[in-house]
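Working notes, structure below.
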Amino acid sequence: MLIKNISVALIASNAEKTLSLCLDSLKDFEEVIIYENNSIDNTKQIASSYPNVKLFSGEFLGFGPSKNLAVSYATNDWVLSLDTDEVLSPEFIKALSDITLDENSVYTILRTNYYKQSQIKHCWGNDIIIRLFNKNKTKFTDKKVHEKIISDNLHVLSIQGMVKHYPYTTISDFIVKLDKYSTIYAQDNVGKKSSSPLKAFLNGNFSFFKTYILKRGFLDGYAGLIIAFSHMATNFYKYIKLYELNKELKRD
């Protein structure tokens, strides 16, 4: 059954590793919007090969603003926002097609997380995230990182079925993403939040302890160690970068 009343919206940059898997799962949607940002791999070529995809290219504005721009290209009022490393299950699509949508509600997905092909049950576990909404009623926050769909004064309902998430396919992916996310966080909070080398050190170490020990990340095998260390590095660098930018701001 072709889903005509819901547009899918994605932002994409150098997403060739997972994009085909994602788009294969979206074949039942009449309209898929992709806002692509400065890709140097085969992202644009892959996106253009799918007949239901409408491809737009432009600068990355931060996650919240970029996702809102992608949503603005949708011709439907209802938008399902996804990442290019997420894959819808047939059960999810069946449940979605059976829903009677309420414009005063937003809808959550249940997401399972993987490293390569292994499900990560402890470091990450499952996520419940708002992803389906009426664009005339709400939107993403304008945060450049840690963006979310605004749900104030709206009912939050769930959609049955799983969405699989493949955020990292190599160890190098962790390094690239932690550098990107920590930089965006620092730039977004310079002059707004304080930081120090001690705060960077303590937050980084606590992130490792929380992920590897409190969440029992060691039960996820060697992947758990990689993820815990990545969490530590991300938090250390986002606060030390913020400290450095705040120092430069004061000097100027």
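Looking at Ser194 and the list (1) in contact with a Phe, Trp or Tyr (Cβ under 9 Å, 6 or more places away or on another chain); (2) open to solvent by 70 Å² or more (accessible area, probe 1.4 Å); (3) more than 16 Å from Cys123 (Cβ to Cβ); (4) in a helix (DSSP H, G or I), which single condition is not satisfied? Answer for Ser194: the failing condition is (4).
For the range 8-35, give me the residue count where each residue is more than 19 Å from Thr169 (Cβ to Cβ) and in contact with a helix residue (DSSP H, G or I) (Cβ under 8 Å, 6 or more places away or on another chain).
Looking only at the range 8-35, we keep the residues that are more than 19 Å from Thr169 (Cβ to Cβ), and these are 8-9, 26-35.
Those left that are additionally in contact with a helix residue (DSSP H, G or I) (Cβ under 8 Å, 6 or more places away or on another chain): 9, 28, 32-35.
Result for the range 8-35: 6.
Counting just the residues of the range 138-155 that are outside any loop (DSSP other than H, G, I, E, B) and under 11 Å from Val106 (Cβ atoms), which one comes out most open to solvent (accessible area, probe 1.4 Å)? Steps first, please.
Looking only at the range 138-155, we keep the residues that are outside any loop (DSSP other than H, G, I, E, B), and these are 140, 149, 155.
With the extra rule that they be under 11 Å from Val106 (Cβ atoms), the set shrinks to 149, 155.
Numbers: Ile149: 8, His155: 114 Å².
Taking the candidates together, the pick is His155.
If you go through the range 98-132 and keep only what is surrounded by fewer than 14 Cβ atoms within 10 Å (Cβ to Cβ) and over 18 Å from the mean Cα position of the chain (by Cα), you end up with Asp98, Thr100, Asp102, Glu103, Asn104, Gln117, Ser118.
Can you find a residue in the range 207-217 that is over 15 Å from His122 (Cβ atoms), of a type outside the set (A, V, I, L, M), open to solvent by 50 Å² or more (accessible area, probe 1.4 Å) and without any contact (Cβ under 8 Å) to a residue 24 or more places away in the chain? No, the conditions are met nowhere in the range 207-217. Restricting attention to the range 7-23, the residues that are without any contact (Cβ under 8 Å) to a residue 60 or more places away in the chain and surrounded by fewer than 21 Cβ atoms within 10 Å (Cβ to Cβ) total 4. Would you say Leu55 is under 30 Å from Asp188 (Cα atoms), open to solvent by less than 30 Å² (accessible area, probe 1.4 Å) and in a strand (DSSP E or B)? When the stated conditions are applied, Leu55 does not pass them. Considering the range 64-97, and only residues there that are acidic (Asp, Glu) and assigned to a loop (DSSP other than H, G, I, E, B), the residue that is least open to solvent (accessible area, probe 1.4 Å) turns out to be Asp85. Return a yes/no flag: does the range 159-170 have any residue that is open to solvent by 50 Å² or more (accessible area, probe 1.4 Å), in a helix (DSSP H, G or I) and either over 30 Å from Leu23 (Cα atoms) or not polar (S, T, N, Q) (or both). The answer is no, given that none of the residues of the range 159-170 is open to solvent by 50 Å² or more (accessible area, probe 1.4 Å), in a helix (DSSP H, G or I) and either over 30 Å from Leu23 (Cα atoms) or not polar (S, T, N, Q) (or both). Taking every residue in the range 119-144 that is of a type in the set (Gly, Ala, Ser) and pairing it with any residue that is open to solvent by 20 Å² or more (accessible area, probe 1.4 Å), at least 6 positions away or on another chain, the pairs with Cβ-Cβ distances below 9 Å are Gly125/Lys215. When each of Ala9, Ala15, Ala70 is tested for being of a type in the set (A, V, I, L, M), over 21 Å from Ile130 (Cβ atoms) and under 17 Å from the mean Cα position of the chain (by Cα), the lone residue that passes is Ala15.
The values are calculated or read from the model by the stated rules, or taken from the named source; none is laboratory data. Not measured: the values here are computed from a predicted model. Neighbour counts run over all protein chains shown; Cβ positions are idealised from the backbone, glycine included. Side chains are part of the model used for accessible areas, which takes the heavy atoms of the whole protein and leaves out ligands, DNA and RNA. Shrake-Rupley method; radii C 1.70, N 1.55, O 1.52, S 1.80 Å.
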